[in-house]
1. Using helices alone, what [θ] at 222 nm do you get for the chain, with -39,500 (n - 2.57) per DSSP H run of 4 or more residues, divided over all residues and rounded to the nearest 500?
2. How many percent of DSSP beta bridges within the chain run antiparallel, rounded to 5?
3. So, in nm, how far is label Ser221 from label Trp248 when the simple model puts each one 7 Å beyond its Cα toward the Cβ?
4. Sequence gap at least 6, Cα distance under 8 Å: using those rules, report the relative contact order of segment 91-140 to the nearest whole percent.
5. Using the beta-carbon distance between Arg12 and His98 and R0 = 41 Å, what value does 1/(1 + (r/R0)^6) give for FRET efficiency, to the nearest 0.05?
6. Can you give the % of DSSP beta bridges in segment 80-201 that are antiparallel, to the nearest 5?
7. Under 14 Å from the Cβ of Ala122, count the other residues' Cβ atoms, weight Lys and Arg +1, Asp and Glu -1, and hand me the total.
8. Mind ordering 140-150, 45-55 by average Cβ neighbours within 10 Å, highest first?
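Quick note: the coordinates plus some simple rules give every number you see, no bench work behind them. This one's a predicted model, so the numbers in the text were calculated from it and none came from an experiment. Glycine gets a Cβ as well: all are built from the backbone with ideal geometry, and neighbour counts include every protein chain shown.
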Amino acid sequence: MMLQTRLYELRRQAGLSQEELANVVGVSRQAVQKWESGASRPDIDKLVILADYFGVTLDNLVRGTDPSPSAGGSEFDPRPTIVNHYYSLWHYEYRSPHTLFGLPLVHINLGQGFYRAKGIFAVGNLATGFVALGGISAGLLSVGGLSLGLLALGGLAAGIAALGGAALGLIALGAVAVGCLAIGSAALGMWSVGVAAWASRVAIGVSASAPLAIGQEVSGSATFLTSLPHSAAELQAAISAYAHAPRWIEDLLLFLTQHISP
């Protein structure tokens, strides 16, 4: 029995259309049609998928020879294998054979659906690792649509240092930023810099509200309008008095204050 005849027979026994079988293998319906007509033959990888799916040996699939009798002599029924051997339209996975701390050095697991990658360097729909890249990612260095890490970059980012559309962290930079030091269009923190800035100590922005507020529209115990001239020494003294921050933060706040457009 030729391959095309055997493939047609197995497909009909399983009650599958050519399109359904194509989805199982990850090819087009036209490819299955060509296999069954004898116009082309599947490559070895596709043959393995087909044999596993139908629960037959490669020899049985290609040559049509009877498989070795199994214990109990039960008749072959392809239908129960559908749940256990389903192959999506697209999926790629690579796992490095080398490990560190019990994790593969590299794990890539991507596809249509939910696939998790876990490794020192992880790339996946859901990725966890020392360096993680994915739709949802968590790691020391994390990059993703939603990311969590010591250093997190993403649409939504949370971490010690976070950079994203919306960022939450000790140091947060984003369109919306919430953190001890927050820099963004809308910033909320202990020290905040933004178009609109609210802070418990120092706020710098077009609109600023804090005990020390510096900007075009200001509200606070001590205020500085950027439209008026102020000396660097005067600003530095005010920032030092209200910020109660490490020197590098005070220097950064002074620098940003001096570069706000009037």
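1. Details: 8 runs with 74 residues, N = 262.
After summing the helix terms and dividing by residue count, I get -8000 deg cm²/dmol.
2. Details: 7 of 89 bridges.
Once the DSSP bridges in the chain are tallied, antiparallel ones form about 10 percent.
3. Result: 2.8 nm between the two label points.
4. On the way: 132 pairs, mean separation 11.4, N = 50.
Value for segment 91-140: 23 percent.
5. Working: r = 46 Å, r/R0 = 1.12.
Computed FRET efficiency for Arg12 and His98 comes out at 0.35.
6. Working: 7 of 71 bridges.
Roughly 10 percent of the beta bridges in segment 80-201 run antiparallel, per DSSP.
7. Numbers: positive: Arg95, Arg116, Lys118; negative: Glu93.
Residues near Ala122 contribute +2 overall.
8. Details: 140-150: 21.5, 45-55: 18.1.
The packing order, highest mean first, is 140-150, 45-55.
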